[in-house]
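Worksheet: the structure to be examined is printed underneath.
Taken together, the values in this text are just the output of simple stated rules run on the coordinates, not laboratory data. Keep in mind that this is a model prediction, so the values were computed, not measured. FYI the Cβ positions are ideal-geometry reconstructions off the backbone, even for glycines, and counts take in every protein chain you see.
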Amino acid sequence: MSDRNQTCAARAMPRHIAIIMDGNGRWAKARGLPRLEGHRRGVEVVRDIVREASDMGLGYLTLYSFSTENWQRPKSEVFGLMQLFRVFFRRNLKELNEKNVRIRVIGRRDRLDDDILDLIDKAVETTKSNTGLGLTLAFNYGARAEMADAAASILDDVAAGTLALDDIDEQLIENRLYTGDIPDPEIILRTSGEQRISNFLLWQSTEAEFHFTETLWPEFSRADLEKVIRDYCEN
């Protein structure tokens with residue numbers, strides 16, 4: 001997107017786009033490939049779209065990488081997804097840091113192997129001072145779990161006497177969410193044709209526009225991302 005102002009003539013460029021990356025399995029099945037091959041291709045698209053979002057000057061990009069419900073998938077598929085998560089960070093952290101991308105990972109840390117937690121912590125620490133694209137990976141994430149954790153945090157403070165019940169309001173709850181330090185998304189995008197939110201950013205999406213595309217995630221491209229932004233700007 002060489003001219004953001006021209007593309008977004010009707011209203012401002014969105015600051016934050018959140019994506020439910022769906023369709024890896026269907027992409028693989030249509031080609032007679034194992035589901036994990038679809039996930040591998042999906043990781044390649046993640047890398048490409050993050051590059052494009054950074055080049056476009058997008059402020060924030062949130063990607064639904066692994067949900068709390070994904071643990072219910074076959075153990076072999078979960079193992080493969082964890083391996084791909086490891087590979088993504090080991091291969092791409094240097095480039096992301098050089099592109100001034102700041103990485104956040106939101107979700108629960110339980111059930112994650114220690115080496116994955118180490119990779120997450122290293123990525124967050126390495127990029128914490130960067131000022132470019134804010135890349136948030138929702139990993140072992142569920143919006144209901146997020147809200148439960150926010151409520152538990154508030155109740156702990158009430159029990160400790162550091163917070164009064166009268167102090168609890170919407171802003172306080174929002175601040176206790178995993179995303180409390182970043183703006184809510186203007187766009188929630190889901191690929192593959194499914195039109196549901198799947199326990200993703202339930203609180204943060206109250207004012208967002210929902211965009212659904214038939215394109216499967218492994219086929220999603222810069223042109224698709226530009227179209228979503230153009231449609232948003234023209235509405």
query: From the list Thr127, Thr136, which one is of a type in the set (Val, Ile, Thr), under 14 Å from Leu61 (Cβ atoms) and within 16 Å of the chain's Cα centre (by Cα)?
result: Thr136
message: Which count do you get for residues in the range 216-232 that are over 16 Å from Ala18 (Cα atoms) and either without any contact (Cβ under 8 Å) to a residue 12 or more places away in the chain or surrounded by fewer than 18 Cβ atoms within 10 Å (Cβ to Cβ) (or both)?
response: 2
- line: Among residues of the range 29-54 being buried (at least 17 other Cβ atoms within 10 Å of the Cβ) and basic (Lys, Arg), the residue nearest to the chain's Cα centre (by Cα) is Arg51
query: For the range 185-198, what are the residues that are surrounded by fewer than 17 Cβ atoms within 10 Å (Cβ to Cβ) and in contact with a helix residue (DSSP H, G or I) (Cβ under 6 Å, 6 or more places away or on another chain)?
result: none
query: Any idea which residue in the range 199-215 is surrounded by the fewest Cβ atoms within 10 Å (Cβ to Cβ), counting only those that are in contact with a helix residue (DSSP H, G or I) (Cβ under 9 Å, 6 or more places away or on another chain) and either free of Cβ contacts under 8 Å to residues at least 12 places away in the same chain or not polar (S, T, N, Q) (or both)?
result: Leu202
message: Regarding the range 49-57, can at least one residue be identified that is touching a Lys or Arg at 6+ places or on another chain (Cβ under 7 Å) and more than 28 Å from Asp181 (Cα to Cα)?
response: no
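So which residues in the range 198-223 are part of a loop (DSSP other than H, G, I, E, B) and more than 25 Å from Tyr178 (Cα to Cα)? Let's see the steps before the verdict.
If we filter the range 198-223 for residues that are part of a loop (DSSP other than H, G, I, E, B), which is where we start, we get 198-208, 213-216, 220-221.
Listed by number, the residues that qualify are Thr213, Glu214, Thr215, Leu216, Phe220, Ser221.
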